[in-house]
Ligand SMILES: *Cc1c(COP(=O)(O)O)cnc(C)c1O
């Protein structure tokens, strides 16, 4: 290669134009940058209580076996998930975060001839995995910040191989009704795979909760993704899963790396599934924290998008980025969502009562000064 060659020209077309996912700012980074010591992060929808005791104990117990490769089939965890959901273990695909499942489905089903339908303001990983394999993203305008299922259906054609739906959606927190979703999936052609991303499933009020797993029996083209990163407090371990027909799981498992989940993650996730107390406490803290934050917004005269998840996007009625930066200087990391076409919103993950209070104080001070 001579010096005038550009290495970027050698990359696959989809990769060349790819804009990488922007993660929430790590606490340590902000502490280093500003010399702060008390930084709180409400930016990545992590569990403010941390991992549960059972998960921690399971990891401790798994440490001595770290010289060995993990169980590449994830037998024990799959069995625990199969028992919990009354499905067969052959319907489960384990991923390095549910993010990996999103990537596997794109790699397994898409080519540059295919189109992928998803909503405006939907999760940022959908355009990335679509573009990485050279497929074409078809982005459908949102309705009241949420998925417009009728409009999405209209954009599905014979080239559409994949539809992504996040329910609840991140970063808007919008939730679709069970009936409307079921109608949508029924209306999809059999040549189109439907990914139902339920990363925040555990936070959905049981009254409106979608029992999408029942649909697996009648929709062989349905893939549900869930994760241990959010409600289970194990984001750092990277553990998620897909639920589908056994045939779809077989296809996804063909492209999966043989040891994509490490031993600690497998052990912790299995233990976390049995830790209902920690899950219930997490949900209770979230419910109270959501009320605390939205009460605070109300006092400030701000509107927010009603959210079914563990985060809420608030409308600042002014550019979000400067407010985000001012909050950083006060040691509070939240998430600007301009890259989601929501330039006047900030997304706040629900924290502990003390964290929420610190955030609201910092926001009140910041808004008084801009
Ligand atoms: C956080 C999130 C995920 C993925 O999280 P993992 O840590 O990779 O499991 C997937 N979808 C949505 C909508 C999310 O917000």
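Where a number appears in this text, it was derived from the coordinates with a stated rule and is not lab data. Since the structure is predicted, the reported quantities are computational estimates derived from the model, not experimental observations. Note that each Cβ is placed from the backbone with ideal geometry, even for glycine, and that neighbours are counted across all protein chains shown.
Stretch residue 318-residue 183 to full length: gain in nm at 0.36 nm per residue minus the Cα-Cα span?
Net length gain for the segment: 44.8 nm.
Going by a ≥ b ≥ c, the root eigenvalues of the Cα gyration tensor, does region 167-270 fall in the rounded group (a/c under 1.5), the prolate group (a/b larger than b/c) or the oblate group? Oblate.
Helical content of the chain, expressed as a calculated mean residue ellipticity at 222 nm, amounts to -11500 deg cm²/dmol (DSSP H runs of 4 or more residues, -39,500 (n - 2.57) each, divided by residue number, nearest 500). Label point of residue 303 set 7 angstrom out along Cα-Cβ; within region 123-144, amide nitrogens under 17 Å from it belong to 142-144. Under a plain spin-label model, where a point goes 7 Å from the Cα along Cα-to-Cβ, how far apart in nm are residue 6 and residue 61? Modelled inter-label distance: 5.6 nm. Relative protection proxy for 111-122, 144-155, from highest mean packing down: 111-122, 144-155 (other beta-carbon atoms within 10 angstrom).
Each Cα pair of region 53-273 feeds into the Kirkwood radius, which the Stokes-Einstein equation turns, at 20 °C and 1.002 mPa s, into a diffusion coefficient of 121 µm²/s. Note: the chain, Cα convex hull, 170 Å³ per residue.
If we sort 7-15, 348-356 on the protection proxy, mean other Cβ atoms within 10 Å, highest first, what's the order?
Per-residue mean Cβ counts within 10 Å order the peptides as 348-356, 7-15.
Over what distance in Å are the Cα centres of region 187-229 and region 116-151 separated? Here the two parts' Cα centres lie 17 Å apart. Semi-axes of the equivalent ellipsoid for region 1-159, computed as √(5λ) from the eigenvalues of its C-alpha gyration tensor and ordered from largest down, come to 33, 26, 22 Å.
Each label was represented as a point 7 Å from its Cα along the Cα-to-Cβ direction; for residue 354 and residue 277 these points are 2.2 nm apart.
Full extension of the chain between residue 18 and residue 367 gives 122.2 nm of extra length, using 0.36 nm per residue less the Cα-Cα distance.
Sorting 27-35, 238-246 by their mean Cβ neighbour count within 10 Å, with the most densely packed peptide first, gives 238-246, 27-35. Taking 110, 273, 66 in turn, the Gaussian network model of the chain (Cα-Cα springs below 10 Å) assigns the largest fluctuation to 66. Counted residue by residue at 0.36 nm each, then reduced by the alpha carbon distance between them, the extension gain from residue 217 to residue 150 reaches 21.7 nm. Over region 126-187, the fraction of Cα-Cα pairs per 10 Å bin, rounded to whole percents and listed from the shortest bin up, is 19, 53, 27, 1. Calculate the length of the line joining the C-alpha centroid of region 291-337 to that of region 343-370, in whole Å. What the calculation gives is 5 Å, centre to centre.
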